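Here the structure comes first, spelled out in structure tokens, and everything after it is commentary.
Rule-based calculations on the coordinates, nothing more; no lab input. Being a predicted model, the structure only gives us computed values, none of them experimental. No Cβ is skipped: glycine too gets one built from the backbone with ideal geometry, and neighbour counts run over all protein chains shown.
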Amino acid sequence: AVNRTPLIAGNWKMNLDHLQAVAFVQKLHWTLKEAKHEAGSVEVAVFPPFTDLRTVQTLLDADKIDFALGGQDLSAHDSGAYTGEISGQFLAKLDAKYVIIGHSERRQFHNETDEVVAAKTQAALRHGLAPVICVGETSEDLEKFGASAVPVGQLEVALEGVAADADIVVAYEPVWAIGSGQAATPDQAQEVCAKLRAVVADKLGADAAARTRVLYGGSVKSGNIAGFMREPDVDGALVGGASLVVDEFAAIVRFQK
Ligand code: PEP
């Protein structure tokens with residue numbers, strides 16, 4: 001994590017409507033302010049449902065709240081006859097900085113292949129969004145191939161044709177750890193995150209590898225975040241369940257305290 005600003009990202013999934021989102025973001029902002037959290041020491045990003053983005057963007061802007069905004073997915077296409085899809089152009093117009101791509105729930109429930117993830121990565125970059133590329137092995141993969149083979153392979157495909165100066169984030173999320181309460185150990189996370197950084201080095205070069213944040217995700221809580229953040233190749237966390245509880249998420253953001 002040396003010289004890389006940690007990123008703590010909250011993936012709300014299909015939770016919080018736009019009114020609940022306002023209350024949540026305000027409360028999170030005040031909780032961090034009261035705790036005298038030093039803005040800038042950690043980058044905080046929230047990933048609300050699409051229907052909340054406009055409202056959250058307006059609130060962040062009006063109250064000068066320095067949380068980054070991201071979408072949970074985007075279309076591989078830019079516009080046209082794709083009913084129900086959301087273009088990266090639309091996300092960029094709402095000041096989204098990030099977009100999650102290839103979350104295991106998209107891979108599992110929407111049949112997103114590595115090729116779809118690669119096309120969506122290109123779509124994000126076309127519109128100036130930093131893709132948060134999610135990779136990770138299922139428990140069956142873990143048994144058959146060990147921890148790193150599947151995520152390494154997924155990232156290799158996603159980074160095909162990505163420019164060396166592209167702004168990307170990688171999230172290592174073992175599927176068995178997501179929402180299970182059974183997080184990886186910091187050692188396990190470090191081992192795979194280091195291998196993923198090596199993939200970035202191989203595909204995009206040493207500068208990109210030194211600059212790119214590699215996050216761990218999977219049952220991160222206030223009680224285990226510090227252990228992950230002590231690892232040299234873990235630069236933050238992608239948080240699901242605990243990102244919906246203000247005090248928990250604020251404590252994760254304040255992992256150094
Ligand atoms: C996620 O879905 O990205 C995630 C990490 O979920 P949780 O924190 O709930 O395990």
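Please give the charge dipole size of region 7-253, origin at the Cα centre, charges +1 on K and R Cβ atoms and -1 on D and E Cβ atoms. Round to the nearest 20 debye.
Value, rounded to 20: 440 debye.
Quick one: give the max-minus-min coordinate of the C-alpha atoms of region 10-67 along each principal axis, largest first, in Å.
So the extents along the principal axes, rounded to whole Å, are 30, 21, 15.
If the viscosity is 1.306 mPa s and the temperature 10 °C, what Stokes-Einstein diffusion coefficient in µm²/s follows for the chain when Rh is the Kirkwood radius over Cα pairs?
Details: Rh = 18.1 Å.
For the chosen part, D equals 88 µm²/s.
Using θ = phi - 60° and the Karplus curve 6.51 cos²θ - 1.76 cosθ + 1.60, what whole-Hz ³J(HN,Hα) does each residue of region 57-69 get, with Gly and Pro shown as x?
Using θ = phi - 60°, the values come out as 4, 4, 5, 4, 5, 5, 9, 6, 8, 9, 9, 7, 10 Hz.
Roughly what would the spin-label model give for Tyr82 and Asp165, points 7 Å off Cα along C-beta, in nm?
Distance between label points: 2.6 nm.
Just how large is the dipole of region 133-257 about the Cα centre, in debye to the nearest 20, putting +1 at every Lys and Arg Cβ and -1 at every Asp and Glu Cβ?
In debye, rounded to 20, region 133-257 gives about 400.
Gap in Å between the Cα centre of region 102-123 and the Cα centre of region 180-257?
Distance between centres, Cα-based: 21 Å.
List the residues whose amide H sits under 5 Å from the amide H of Gly71, counting only those 5 or more places along or on another chain, with H placed 1.01 Å from N in the peptide plane.
Under 5 Å from the amide H of Gly71 lie the amide H atoms of Tyr98, Val99, Ile100, each far enough along the sequence or on another chain.
Using 1/(1 + (r/R0)^6) with R0 = 25 angstrom and r between the beta carbons of Asp66 and Lys93, what's the FRET efficiency to the nearest 0.05?
So the FRET efficiency works out to roughly 0.80.
In whole Hz, what ³J(HN,Hα) sequence does region 106-112 give by Karplus (6.51, -1.76, 1.60; θ = phi - 60°), x for Gly and Pro?
5, 5, 7, 9, 10, 6, 6
Going by average Cβ neighbours within 10 Å, how do the peptides 118-124, 51-57 rank, with the highest at the top? Mind showing how you got there, number by number?
Details: 118-124: 22.7, 51-57: 18.7.
Top of the packing list down: 118-124, 51-57.
Which GluC sites (Glu not before Pro) in region 1-109 pass both tests, a DSSP loop state and at most 12 other beta-carbon atoms within 10 Å?
Hits after loop and neighbour filter: Glu38.
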